[in-house]
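See structure below.
The values are calculated or read from the model by the stated rules, or taken from the named source; none is laboratory data. Because the structure is predicted, anything quoted here is derived from the model rather than measured. A quick note on method: Cβ atoms are made from the backbone with ideal geometry, for glycine too, and the neighbour counts reach across all protein chains shown. Quick note on the areas: whole protein, heavy atoms, side chains included, nothing else; ligands and nucleic acids left out. Shrake-Rupley method; radii C 1.70, N 1.55, O 1.52, S 1.80 Å.
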Amino acid sequence: MLTVDRHGLPSALAERLTDEARASFAETPREARFKFLAQALGLDEASLLAELSRLTGLEVLEEPAIDPDGMKILPARIASEAQVVPTLLPGGEEGRLRLVTALPPDTDTADWVATFASRRPKWYLSPPERVAALINENYGVGSGSLEDEGDDLPAAEVAASDEADQDAAVVRFVTEVLTQAVAEGATDVHFEPQENNLRIRYRVDGILIAIPLPDNLARFQDAIISRLKIMARLNISERRLPQDGRINFRDGKNVLDIRVSTIPTIYAESVSLRLLNQRKEAYNMDRIGMNAEEQAAVRKVLDYPHGIILVTGPTGSGKSTTLNAFLQAINSPDIRIVTIEDPIEYEVPGANQVQTRAEIGLTFAGALRSTLRQDPDVIMVGEIRDLETAEISIRASLTGHLVFSTLHTNDAPGAITRLIDMGVEPFLVGSAVELVIAQRLVRRLCADCAKTVPVDRAKLLPALETLGMDESYLKDVTSLKEAVGCRKCRGTGYRGRVGVFEIFHPKPLHDLIITRISNRDLTEKAIALGMRPLAKAGWLKVAAGLTTIDELVRNLSSNE
């Protein structure tokens, strides 16, 4: 027997809440009520589900499956707004529409279902993340927002569709896509017009994932692209030229600085969004994946009063995250830190952070030159892009400042030759650069589904050879972990990423650097002096069960 109020809150639980909490529960969006209630009652997800089941008599389904016939009965709008999904149970009662939801159905939800369903409903409970995932996977992300006006609605509720209705639907849809991107941990969102279709993909853990979308999305394509351009304050009438802009987007407690880029394609404008969480917690050296030995090598240089520390790698390899981890390690009230970035990805408490604006003349070089008059102890330059920035950074390090920056090179010794190729005098490079770290991000094995398997030498040897290693690395390694795939990792077998680092100390090779030694020779000398190349550092992550050899080959084989 269901004993819930009109908001789906069982009376026995309502009595345990304060008046303020009950009011807040009623005002909370349906999709967030379960989490709010768990926090208010001090319960975890499983405990709250068990308590709801006990109080209402509804059975809990941990892994419900979608009912395709039920989807034809229950419109996407109702499924999305009420967070209800039809489920298929083998051997269930004939003629019943079985529905799962995270919270017991409230009065409105029960009335909606009765309006659309000719079959008598039977309700079940399920974890909210599973319900939301089933809705997104089967109806499509944002399907409730874009459902055609009048489709599946009783005649009395059908209203003439007008531009205002469509605009509101598109606004809701774009918000849902961005909100889901934040929930998935995406770094980028791509809106890509195709022939008779609009594809939307998220980049999660460095991999592009096509998200399920409503069947009628194509008819809203132009409106969706225009909405994104309006949010970014771009010229919506200009469709022939690329444009760049930015959006400030708030999703609950998350405040996103979204960089927007448009380019014209043969079908329509393609829009790419880079998501930057302004309140994102900065990583420390443990969290980025540095082991104790690597941290010790870095901390020794962080204690130097001056010099340059460079982090190298391709775009998206986590260079800025690593630099911010270094800043976090040395940040204290007696050190003045100034950062020059584009964009500012992390807030550093106590630091003076400068956002470059090339359109008004505030470049890296110009900002750096002004920063030197601000009495800094530590300067972080987001990227060395040109000779002027490189020379000012090096001279700053030689005049008593500790300077952090990044370069785009494949390996650590390559940073030395890149600076020299830019036009910096070799003796200045050799004198100023104290440490170079090359890095990559590899996907971390999902802790919930990774399994341990015996070493398969036949499979591993070709991969090791691709990375420039031999079977000696399999000595004393009897088992490794491999990816499996589960609901929590979206079936990929991986969740999150971990850094792989190549740490190079150039000072012992100072005399060779000023002779303009080649990158290949410099690398060989560095390895002879104990530098661990990226591939070998990555193998340590594989042996430790953090990632797989396949993931290592995917990221590093082109560099070894």
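In the chain, the portion of solvent-accessible area held by carbon and sulfur atoms comes to 48 percent [1.4 Å probe, whole percent, DNA, RNA and ligands not counted]. Averaged per residue, the chain has 47 square angstrom of accessible surface, using a 1.4 angstrom probe with ligands and nucleic acids left out. With coordinates expressed along the principal axes, the C-alpha atoms belonging to segment 327-406 extend over 32, 27, 21 Å, beginning with the largest.
Computed over all pairs of different Cα atoms, the Kirkwood value for the hydrodynamic radius of segment 252-348 is 15.9 Å. Taking amide H atoms as placed 1.01 Å from N in the peptide plane, the amide H of R497 lies under 5 Å from those of R444, each 5 or more residues away in sequence or on another chain. Ranked by the mean number of other Cβ atoms within 10 Å per residue, highest first, peptides 76-89, 120-133 order as 76-89, 120-133. Computed from Cα atoms alone, the Kirkwood hydrodynamic radius reported for segment 172-305 is 16.8 Å. Taking all Cα pairs closer than 8 Å and separated by 6 or more residues, the relative contact order of the chain comes to 9 percent. Using the alpha carbons alone, the radius of gyration of the chain stands to its Kirkwood radius in an Rg to Rh ratio of 1.03. Note on segment 410-501: semi-axes of the ellipsoid equivalent to its C-alpha gyration tensor, largest first and rounded to whole Å, are 37, 19, 10. By DSSP, what percent of the beta bridges with both residues in the chain are antiparallel, rounded to the nearest 5? Within the chain, antiparallel bridges account for around 65 percent of the total.
Taking every alpha-carbon pair within segment 43-149, the share separated by more than 16 Å comes to 55 percent.
The long axis of helix 128-139 is offset from the longest Cα principal axis of the chain by roughly 80 degrees.
Here segment 235-368 is treated with +1 on each Lys and Arg Cβ and -1 on each Asp and Glu Cβ, and its dipole about the Cα centre works out to around 240 debye. In terms of packing, defined here as the mean over residues of other Cβ atoms within 10 angstrom, the peptides 195-207, 453-465 line up highest first as 195-207, 453-465.
Given +1 at the Cβ of Lys and Arg, -1 at the Cβ of Asp and Glu and no other charges, the dipole of the chain around its Cα centre is 1160 debye to the nearest 20. For R259, the shell of other residues with beta-carbons less than 12 Å away shows a net charge of -3, using +1 for Lys and Arg and -1 for Asp and Glu. Straight-line cross-link partners of K507 among the aspartates and glutamates, defined as a Cα under 20 Å from its Cα and at least 8 positions apart when in the same chain: E293, E294, D303, E391, D411, D421, E425, E434, D521, E524.
Relative to the first principal axis of the alpha-carbon coordinates of the chain, what is the inclination of helix 45-56, with its axis defined by its Cα atoms, in degrees from 0 to 90 and to the nearest 10? Approximately 10 degrees, to the nearest ten.
Mean residue ellipticity, 222 nm, helices only, the chain: the sum of -39500 (n - 2.57) across DSSP H runs of n ≥ 4, divided by residue count and rounded to 500, is -11000 deg cm²/dmol. Report the antiparallel proportion of the DSSP beta bridges in segment 8-154 as a percent, rounded to a multiple of 5. So the antiparallel bridges in segment 8-154 amount to around 35 percent. State which entries of K122/K488; K229/K319; K451/K541 exceed 18 angstrom in Cα-Cα distance in the structure shown. Pairs exceeding the cut-off: K122/K488; K229/K319.
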